[in-house]
Amino acid sequence: MGQRLHDPDYLRAEQYRTDANLAAREDLHRHFSTNEYGWFRWVFDHLDVPDGSRVLELGSGVGDLWLENRDRVPRSWEVTLSDFSPGMLDAARDRLGDAAPRFTFRVVDAQAIPADAAAFDAVIANHMLYHIPDRPRALREVRRVLRPGGRFFAATNGRRHLWQLEELVRACTPGAKRENAAAAFGLENGAEQLQPWFAKVERDDYSDGLAVTEVEPLVAYVQSTAVRDVLDPARVDRIRRAVAERIGRSGAFHVTKALGLFNCVVGE
Ligand SMILES: C[S@@+](CC[C@H](N)C(=O)[O-])C[C@H]1O[C@@H](n2cnc3c(N)ncnc32)[C@H](O)[C@@H]1O
């Protein structure tokens, strides 16, 4: 499983070829999160972007940020959703349905953004920077395509994100190596990676957790991650029984979430 977190071939051809894996993970968060406000609504609240702005989202996945906020995206914004997986863009277009024509969709690798310098007022990278093999190259690109005074919003996880689930999976899959996305780009080390490129970097945290009361959505979540390479039926069954035992004992499997957003400003 080694370096799958930033293996572009695996990410594009397998993990994010279609929306199936991301959908399984989002399903768990949608149904069992303890903060009912909603992550994507919260992220949108923090987009301090004026009317008439040109906005680019990198690694937009299935477009949830725009789907969940379609009632309040200003008509005056020109928004481009981009991802290096065409399958994700297809899914985003489908999900946005009637709202899709308001957006532009482009296949873009964040390490080589096909846009002029200063082409955007704001760039968003939500839970995707940890996948990028050459992050300084991507950040240089973000900085290049932003105008002076433009904003960059980068969301990610902290090291303790879902640690109880990680622990359970580790116990059920002895010997499997696990990758922690936050070690690459997380709440704890993100600011130091962003600071060389921006005049100001601030961080806001979103308070949330999971209280999972059903076994199968958690099993589906685990099977949607790279750990599935080392899962055989016996190991899946061990995970299933361990989750069922937790839920049976305390009514719910409680899992910590650590999520946040860096709000960065380009110097004038
Ligand atoms: C964890 S998903 C996040 C999707 C979405 N931003 C969200 O928060 O729901 C990561 C996304 O980044 C995309 N991605 C990974 N590496 C990329 C790269 N180098 N350039 C552009 N997109 C990339 C993947 O295809 C995937 O859709």
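A short reminder: the numbers here are calculations on the coordinates, not readings from a lab. None of these values were measured; they are calculated from a predicted model. For neighbour counting, all protein chains shown are included, and Cβ atoms are generated from backbone atoms with ideal geometry for every residue, glycine included.
Some observations on this one:
- Loop-located trypsin sites (Lys or Arg not before Pro) in the stretch 1-68, at most 15 other Cβ atoms within 10 Å (DSSP): 17
- For the stretch 13-84, projected area of the alpha-carbon convex hull averaged over all directions, nm²: 5.4 nm²
- The stretch 124-268 - Kirkwood radius from inverse mean 1/r over Cα pairs (Å): 17.0 Å
- Rounded to the nearest 5, the antiparallel percentage of DSSP beta bridges internal to the chain is 50%.
- Springs between Cα atoms under 10 Å define the GNM used for the chain, and in it the highest mean-square fluctuation of 114, 101, 133 occurs at 101.
- Antiparallel bridges, percent of DSSP beta bridges restricted to the stretch 77-190 (to nearest 5): 10 percent
- Panel order for 256, 225, by other beta carbons found within 10 Å of each beta carbon, from fewest to most: 256, 225.
- Estimated 222 nm signal from helices in the chain, with DSSP H stretches of n ≥ 4 weighted -39500 (n - 2.57), rounded to 500: -10000 deg cm²/dmol
- Once the Kirkwood radius over Cα pairs is known for the stretch 87-175, the Stokes-Einstein relation at 37 °C and 0.692 mPa s delivers a diffusion coefficient of 207 µm²/s.
- Convex hull volume per residue for the stretch 131-177, taking Cα atoms only, in Å³: 94 Å³
- Per-selection metrics, the chain (Cα): Rg and Dmax in Å: 18.6, 58
- Under 5 Å between amide hydrogens, built in the peptide plane, is the criterion, and for residue 19 it picks out nothing among residues at least 5 positions away or on other chains.
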